[in-house]
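Below is one structure, written out as structure tokens; comments come after it.
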Amino acid sequence: MERLLTRWGKNLNKNCPLNDYPRPQLKRDSFINLNGIWNYAINEENKKFGGFHGEIVVPFSPESILSGVEKAVKPNDNLYYQKFFNFNKTKSRVLLHFGAVDYKCTVTLNGTVIGEHTGGYLPFTFDVTASILNGENELRVTVTDPTDEGTQARGKQTFNRGGIWYTPQSGIWQTVWLEEVPYDYITSIKLTPDIDNDELNIELSYSAEFIPEVGVMVMDNGKMKAAAKLINGKGSVKLSDYELWSPENPYLYELKFAAGEDRVDSYFAMRKFSTGTDSDGTPRFMLNNKPYFFNGLLDQGYWSDGLYTAPSDEALIYDIQTMKDLGFNTLRKHIKIEPLRWYYHCDRLGMIVWQDMVNGGGKYNFLAIGTMPFLGMLFNNKKVGRIPDSKKNYGFYARTDEKGREEYFKDSKDMIDLLYNVPSLALWTPFNEAWGQFDSVKACDFYRKEDPTRLIDHASGWVDHGAGDANSFHIYFTPFSFPKYDKNDNRPIALTEFGGYSMRFRGHTYNKEKFFGYRKYYSQEKFDAAIKHLYEDRIYKCMKNKGLSAIIYTEVSDVEDELNGLLTYDREVIKVSPEMMKAANEKLKL
């Protein structure tokens, strides 16, 4: 396998990588980045810790090139981290934040265990006020990761990589940072725009039981547009003469909060996602109460040098902006949760986000779960795939572990809470292609209760149970056909995976010997012609004649053996003709 560095990875500042404020919608003036060079060791579980083996660049996982380690962490291993840092306290409390650690970790500061966390994709925080010292401090983190030997959320990570399954990654993979706050402080904010009533609804959580009166100001290009007071942490800001957010007009407003001694900056947008019908009575997805065609790509968020971790903020921006320049308006974040800066860039650049929950469960029967969609067995007759949700069928989807099922709902709630304020986020996908699927209707209802403001594709591709807001299909090889779940099914039609056309650019591939794709091409001319025909003929006709309301092409970039990206894995080559792609996308508007 070939080591592929991106242009950003080649210029990495190893002493302080990813030095951008990690939480744009709850921002304070306190930010101490602990990324950089740490000590590490990887020991088998039954071996006594015998000291550190060398240096690792955090927040890159040890399996990645940019970590400087390039070693795998096995299920019976312990991954140890150590960081010395200097600190001088200036405020009442000190918080230690981890963006994400895969999968289970114990954190020790100056010899005191300050907490544990389980779950590989979500941020967590410890109050370290009592343990942190003025002067030098020692931070230690111990991690275990079962990867595909467990039932936890893990995405496409597997030790048997190949095809559509990828190299696993472990340990710290998002920014580690310190923040100083007052003794009592804002812990979270919840922002709900309501364009039908011209207001922004706000709920605020506070570290103390008593919440003081909170002042809120809406700012527009540095000028105050509106203001309000929150009583008991709740209230609304009335707005007039405001801009609506859309990919064509990604207008953001700033927010300023004052609660006691605490000061927080945030931002929001006024927009609405819903379903309805167009002038012909066809079910459609709606943006701001008007029919809108979601034209997007599958985005797996893998990097040739950083695996789950982008080498820089500029790298995140490059993917989003390049896809927008090609004429797309949506990215489906596929079974991965990104750092909050990725969503911030989608908000400000104008890219709609569809967010998958990360799949989990036991080892799948891939012949049953993974092969049938590729062969088209479920698309033209969805009844074939309607295996009922029931306890007796948990085994079919490798979901017999009760703890794993409980963890799915906990992780789902944490994900919804984390991303609730993201203006660009339009749709949740609780399950993808039956990977770890269970209790589908219950899961859909859970998402709806936690977030009634967004659309839901309850089972992307299949197995469909008639729930949610999308009649969702994955079609790679068969003619496009979109049967209803039943005669009363009025959900808009969404082609949530298709295409997957692949072409290899030598010198920019991970695997020199072989590559995976749903349809392979060996010349630029034929590759461009195939995509042009796919969009301007097949997709266009389905949009006009069959009520197709959303499409998600596979995919943004190549990932390891899978070469069906519009970008190479190292992001050095745009594989499709930009002029042709943009012209084809221009036709796909309602």
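Where a number appears in this text, it was derived from the coordinates with a stated rule and is not lab data. Quick caveat: nothing in here was measured; it's all calculated off a predicted structure. Cβ: placed from backbone, ideal geometry, glycine included. Neighbour counts: every protein chain shown.
Odds and ends about this structure:
- Scanning segment 462-503 for residues that are aromatic (Phe, Trp, Tyr) and either in a strand (DSSP E or B) or surrounded by fewer than 24 Cβ atoms within 10 Å (Cβ to Cβ) (or both) returns Phe473, Tyr476, Phe477, Phe480, Phe482, Tyr485, Phe498, Tyr501.
- Where Glu209 falls short, out of the listed (1) surrounded by 15 or more Cβ atoms within 10 Å (Cβ to Cβ); (2) of a type in the set (Asp, Glu); (3) free of Cβ contacts under 8 Å to residues at least 24 places away in the same chain: (1)
- Between Lys47, Lys89, Lys104, the distinction of being among the basic types (Lys, Arg) and free of Cβ contacts under 8 Å to residues at least 12 places away in the same chain belongs to Lys47 only.
- Criterion applied to Leu96, Leu12 was being in a loop (DSSP other than H, G, I, E, B) and either surrounded by 15 or more Cβ atoms within 10 Å (Cβ to Cβ) or within 25 Å of the chain's Cα centre (by Cα) (or both), and the one residue passing it is Leu12.
- Residues in segment 283-315 that are in a loop (DSSP other than H, G, I, E, B) and of a type in the set (A, V, I, L, M): Ala310 only.
- Within this structure, Tyr553 passes the test of being closer than 22 Å to Ser460 by Cα and touching a Phe, Trp or Tyr at 6+ places or on another chain (Cβ under 7 Å).
- Selection count where residues are under 27 Å from the mean Cα position of the chain (by Cα) and over 30 Å from Leu307 (Cβ atoms), scope segment 171-223: 16
- Note on segment 495-543: residues that are hydrophobic (A, V, I, L, M, F, W, C) and either within 25 Å of Asp469 (Cα to Cα) or touching a residue at least 60 places away in the same chain (Cβ under 8 Å) (or both) amount to 8.
- Flag set for Val113, criterion: under 28 Å from Gly360 (Cβ atoms) and not in a loop (DSSP other than H, G, I, E, B).
- Some residue of segment 548-555 being touching a Cys at 6+ places or on another chain (Cβ under 8 Å) and touching a residue at least 12 places away in the same chain (Cβ under 8 Å): yes
- Thr151, sole failed condition from (1) surrounded by 21 or more Cβ atoms within 10 Å (Cβ to Cβ); (2) without any contact (Cβ under 8 Å) to a residue 24 or more places away in the chain; (3) hydroxyl-bearing (Ser, Thr, Tyr): (2)
- All positions within segment 56-93 that are over 16 Å from Gly120 (Cα atoms), among the basic types (Lys, Arg) and in a loop (DSSP other than H, G, I, E, B): Lys71, Lys89, Lys91
- Of everything listed in (1) buried (at least 18 other Cβ atoms within 10 Å of the Cβ); (2) not β-branched (Val, Ile, Thr); (3) not in a helix (DSSP H, G or I), the single unmet condition for Ala443 is (3).
- In segment 148-204, the residues that are outside any strand (DSSP E or B), of a type in the set (D, E, K, R) and touching a strand residue (DSSP E or B) at 6+ places or on another chain (Cβ under 9 Å): Asp148, Arg154, Lys156, Asp184, Asp198
- Any hit, segment 20-31, residues being within 28 Å of Tyr267 (Cβ to Cβ) and hydroxyl-bearing (Ser, Thr, Tyr): yes
Results for (1) farther than 30 Å from Leu4 by Cβ; (2) buried (at least 23 other Cβ atoms within 10 Å of the Cβ); (3) more than 19 Å from the chain's Cα centre (by Cα); (4) aliphatic (A, V, I, L, M), shown as yes or no for each residue.
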{"site": "Met286", "(1), (2), (3), (4)": "yes, no, yes, yes"}
{"site": "Phe294", "(1), (2), (3), (4)": "yes, yes, no, no"}
{"site": "Leu307", "(1), (2), (3), (4)": "no, yes, no, yes"}
{"site": "Lys336", "(1), (2), (3), (4)": "no, no, no, no"}
{"site": "Arg348", "(1), (2), (3), (4)": "no, no, no, no"}
{"site": "Met351", "(1), (2), (3), (4)": "no, yes, no, yes"}
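- Within segment 212-228, being surrounded by 11 or more Cβ atoms within 10 Å (Cβ to Cβ) and either part of a strand (DSSP E or B) or aromatic (Phe, Trp, Tyr) (or both) holds for Val214, Gly215, Val216, Met217, Val218, Met219, Asp220, Met224, Lys225, Ala226, Ala227, Ala228.
- Only residues that are in contact (Cβ under 8 Å) with a residue 24 or more places away in the chain, over 30 Å from Ala258 (Cα atoms) and of a type in the set (Lys, Arg) were counted across segment 1-44, and they come to 3.
- Scanning segment 116-127 for residues that are crowded, with 16+ Cβ neighbours inside 10 Å and assigned to a strand (DSSP E or B) gives His117, Phe124, Phe126.
- When His465 is tested against (1) farther than 30 Å from Ser246 by Cβ; (2) in contact with a strand residue (DSSP E or B) (Cβ under 7 Å, 6 or more places away or on another chain); (3) of a type outside the set (A, V, I, L, M), just one condition goes unmet, and that condition is (2).
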